[in-house]
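Enquirer: Dropping a structure here in structure tokens format, bear with me for questions.
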Amino acid sequence: ERLALVKTMSLIYQQFPDKFANWAQVPYLVSLMQQQHDPVMRDLVVTFLKQVLSTGANVRTFVDSNGIQTLVKNLVAVHASESEKSATTPEKLVAKERKIERKDFFGQVAEELSTKTLSVNQLASEALNLLNRIFDTKPQYLKVIPRRYPILSAHLIQMMFARDSKESVLKRKSQELLYKVIRKNDRLIPTLAKTGIFIFALQGLTTCSEELLDIVYKTHLRQRKGYAPENRSVLSPYLPSPLVVKLALTKTSDQFRRILQETHEDPSCIWGPKQIKELSAALEKFVGPLKNQLKTTPDFCFKYDKKIHAVPVPYPSLQDELCVGNIYLRLLF
């Protein structure tokens, strides 16, 4: 009767939310959400939590009960998903609730239970929704949670490699949430390079979101020594020197984005589709293995090593250009 019981709890909560503002059963809901062998129960709890996490006390209990780790696990599972199809419809799970005919309230609730379960992608989307609900309910947790669980930021970044037909939706939602997290956490900024965010953004430059490029703009000159050359941009190994100088002088994220994504050919900068293609191909040696690793180990996090990942990118299209003092001499005449 557990399914019917949880559904009944949800119905009661809807009627008397004030009575459950500090609810002792939140840890129990987290444990039920962790039961992957019972997707009907898991999905019922996910829906129920949208109501429960509307109070600060319940959010605090949820976080202290490993709720964040559970949401992250549901989020990253999309990397190992082969399709958009939902999980096998576990009708037998609900059938157990209906096996014994009952005419009482629990029997009526059991009759209304659905056997339809969320797909892996839908579950990932719901995990993002619940994270946003947590931060809306307790805005101060935008600082607390990323520091307590640094894997959250890393996995939000890696959601740009989500494998599904609607990945643009998951990417957008993940990067919007990441933007909120980074904006509220100055302490996270000096070590962002270790997540691979700069490599990933440059490798997928043509399709990179405004949110992700805005993060790059605001943080590329603020990386700690060990991740970037002292007093220089962390982008220095990956981009031609004249372009790095030009980017360092930008005053707005929009200007920064235009310089990176548009074509330029003047004495101070040569940059366009050909160079972007060369950049993407060079950084694929870092991104490709990560994508493959995520297929089998979806909770894997990129491990930055300066000796490996800060190697200068070659640009065959620029090798014959004479550049002196970050000026391309050919274009002066």
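The values are calculated or read from the model by the stated rules, or taken from the named source; none is laboratory data. Quick caveat, the model's predicted, so the values are computed rather than measured. So basically every Cβ, Gly included, is an ideal-geometry build from the backbone, and we count neighbours across all protein chains shown. Calculation scope for accessible area: heavy atoms of the full protein, side chains included, ligands and nucleic acids excluded. Shrake-Rupley method; radii C 1.70, N 1.55, O 1.52, S 1.80 Å.
Enquirer: Tell me the residue from R98, R148, R163 that is open to solvent by 10 Å² or more (accessible area, probe 1.4 Å), on the phi < 0 side of the Ramachandran plot and modelled with pLDDT under 50, please.
Expert: R98
Enquirer: Determine which single condition L279 fails, assuming it passes every other condition in (1) surrounded by 13 or more Cβ atoms within 10 Å (Cβ to Cβ); (2) over 30 Å from F333 (Cβ atoms).
Expert: Every condition holds for L279 apart from (2).
Enquirer: Every residue in the range 282-292 that is in contact with a helix residue (DSSP H, G or I) (Cβ under 9 Å, 6 or more places away or on another chain) and either over 19 Å from A193 (Cβ atoms) or in contact (Cβ under 8 Å) with a residue 60 or more places away in the chain (or both), please.
Expert: Across the range 282-292, the qualifying residues are L283, E284, F286, V287, L290, K291.
Enquirer: Regarding A201, is this residue without any contact (Cβ under 8 Å) to a residue 40 or more places away in the chain, at negative phi, aliphatic (A, V, I, L, M) and part of a helix (DSSP H, G or I)?
Expert: The answer is yes for A201.
Enquirer: Here's a follow-up. I need the full set of residues from the range 268-281 which are among the hydrophobic types (A, V, I, L, M, F, W, C) and without any contact (Cβ under 8 Å) to a residue 12 or more places away in the chain, in order please.
Expert: A281
Enquirer: Something else about it: Give all pairs with beta carbons closer than 7 Å in which a residue from the range 23-45 that is within 14 Å of K73 (Cβ to Cβ) meets a residue that is aromatic (F, W, Y) and not in a loop (DSSP other than H, G, I, E, B); count only pairs at least 6 apart in sequence or on separate chains.
Expert: Here the result reads V30/F62, each pair linking the range 23-45 to a residue that is aromatic (F, W, Y) and not in a loop (DSSP other than H, G, I, E, B).
Enquirer: Taking K7, is it among the basic types (K, R), within 21 Å of P139 (Cα to Cα), part of a helix (DSSP H, G or I) and touching a residue at least 60 places away in the same chain (Cβ under 8 Å)?
Expert: No: the conditions fail for K7.
Enquirer: Can you say whether T206 is in contact with a Pro (Cβ under 9 Å, 6 or more places away or on another chain), open to solvent by 10 Å² or more (accessible area, probe 1.4 Å), within 23 Å of Q319 (Cβ to Cβ) and in contact (Cβ under 8 Å) with a residue 40 or more places away in the chain, as far as the supplied structure shows?
Expert: yes
Enquirer: Applying the selection to the range 310-325, what residues are open to solvent by less than 50 Å² (accessible area, probe 1.4 Å) and either at pLDDT 95 or above or in contact with a Leu (Cβ under 9 Å, 6 or more places away or on another chain) (or both)?
Expert: Hits for the range 310-325 are V313, Y315, S317, L318, E321.
Enquirer: List the pairs whose first member sits in the range 147-163 and is closer than 12 Å to L128 by Cα, whose second member is open to solvent by 10 Å² or more (accessible area, probe 1.4 Å) and modelled with pLDDT under 90, and whose Cβ atoms are under 9 Å apart, counting only residues at least 6 apart or on separate chains?
Expert: Close Cβ pairs satisfying both conditions: M159/E167; M159/K171.
Enquirer: Of the residues L170, L188, L178, only one is within 17 Å of the chain's Cα centre (by Cα), modelled with pLDDT of 95 or more, over 30 Å from P316 (Cβ atoms) and open to solvent by less than 40 Å² (accessible area, probe 1.4 Å); which?
Expert: When all the criteria are applied, what remains is L178.
Enquirer: Another question about this same structure. Please determine, by comparing only the residues of the range 234-267 that are free of Cβ contacts under 8 Å to residues at least 12 places away in the same chain, assigned to a loop (DSSP other than H, G, I, E, B) and not β-branched (V, I, T), which one is surrounded by the fewest Cβ atoms within 10 Å (Cβ to Cβ).
Expert: K251
Enquirer: Which ones in the range 1-45 are closer than 15 Å to S65 by Cβ and open to solvent by less than 10 Å² (accessible area, probe 1.4 Å)?
Expert: Selection gives V26, L29, V30, L32, M33, V45.
Enquirer: Cβ-Cβ under 9 Å, sequence separation 6+ or interchain: first residue in the range 214-233 and touching a residue at least 24 places away in the same chain (Cβ under 8 Å) and open to solvent by 10 Å² or more (accessible area, probe 1.4 Å), partner assigned to a helix (DSSP H, G or I) and among the basic types (K, R). Which pairs?
Expert: Hits for this filter: D214/R257; Y217/R257; K218/R183; G226/K306; Y227/K194; Y227/K306.
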